[in-house]
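Student: Take a look at this one; I'll ask things after.
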Amino acid sequence: MVDHVAGEKVNQVVDKGKGVPAHDTPGYELPLLLFGGFRTLIDRLHARLADEGHPDVRPAHGFAMQAIGVHGATASDIGRRLGVSKQAAGKTVDRLLAAGYAERADDPADARRKLVRLTPRGYDALARSAAIFDDLRAEWIAALGGERVRDMEAALRNVVPAETAFRLDATSWLGAP
């Protein structure tokens, strides 16, 4: 692994090639390449979102807006869905409220609870994200070919357990939102 700023190797523990057949790559490259692909897509998404009127949306906000869902959710619900504490979820919710992506509302089922709901601005950010992801996927198809992209998606579906494929709690192991 190389420090992108200093250009120096930072993964001094791994001896590249040790125990790896000459025709193959070391195992640690797979998660780094998968993460690099994820990061590339997310960075390009956020650049486009900024151009389309959402310069303040961050990756953690997208996860949080998904956790809020179409029916709204309490801060505890959001924290549980994201795999973070209620307090950490509350901080992210506060940022979404301040930026106009969410609002607090009374829970019609329980007057003691407050729900966080998406605003039209929040729905717009999610709708634009979905369209941008479609565009980015189309760019990968143009670069790699449709069959290769579909094969890659199918292969990932085969190795990623279904119950973890679409989890929102990535921020809990990458750092609290």
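Student: Count neighbours as other Cβ atoms within 10 Å of each site's Cβ, and list the trypsin sites (Lys or Arg not before Pro) in segment 65-136 that are DSSP loop with at most 15 such neighbours.
Tutor: Counting only loop positions with at most 15 other Cβ atoms within 10 Å, none of the trypsin sites (Lys or Arg not before Pro) in segment 65-136 qualifies.
Student: If you don't mind, another one. Hand me the chymotrypsin sites (Phe, Trp or Tyr not before Pro) from segment 86-177 located in a DSSP loop with no more than 12 other Cβ atoms within 10 Å, in residue order please.
Tutor: Answer by residue number: PHE166.
Student: If each of ALA143 and ALA162 carries a label point 7 Å out from its Cα toward its Cβ, how far apart are those two points in nm?
Tutor: It is 3.1 nm.
Student: Could I ask something else about it? Can you tell me the Rg and the Dmax, both Å, for the Cα atoms in segment 30-80?
Tutor: My reading of the Cα-based Rg and Dmax gives 13.6, 37 Å.
Student: Two decimals is fine: what is log10 I(q)/I(0) at q = 0.13, 0.16, 0.17, 0.19 Å⁻¹ for segment 23-177, from a Debye sum with one equal scatterer on every Cα and no solvent?
Tutor: Values, matching the q order: -0.70, -0.99, -1.08, -1.26.
Student: Please report, in cubic angstrom per residue, the volume enclosed by the convex hull of the alpha-carbon atoms of segment 60-117.
Tutor: Measuring per residue, one finds 72 Å³ for the Cα hull of segment 60-117.
Student: Counting Lys and Arg as +1 and Asp and Glu as -1, what is the net charge of the other residues whose Cβ lies under 10 Å from the Cβ of GLY69?
Tutor: So the environment of GLY69 carries a net charge of +1.
Student: Based on the Kirkwood radius over alpha-carbon pairs, what value in µm²/s does the Stokes-Einstein equation return for the translational diffusion coefficient of segment 89-168 at 20 °C and 1.002 mPa s?
Tutor: 135 µm²/s
Student: Still on this model: Assuming R0 = 30 Å, what is the FRET efficiency of LEU41 and ALA105, from their Cβ-Cβ distance, to the nearest 0.05?
Tutor: 0.40
We did not get these values from a lab; they are worked out from the coordinates using the rules stated. These numbers were taken from a predicted model, which means no experiment stands behind them. Please note: Cβ atoms are built from the backbone with ideal geometry, for glycine as well, and neighbour counts cover all protein chains shown.
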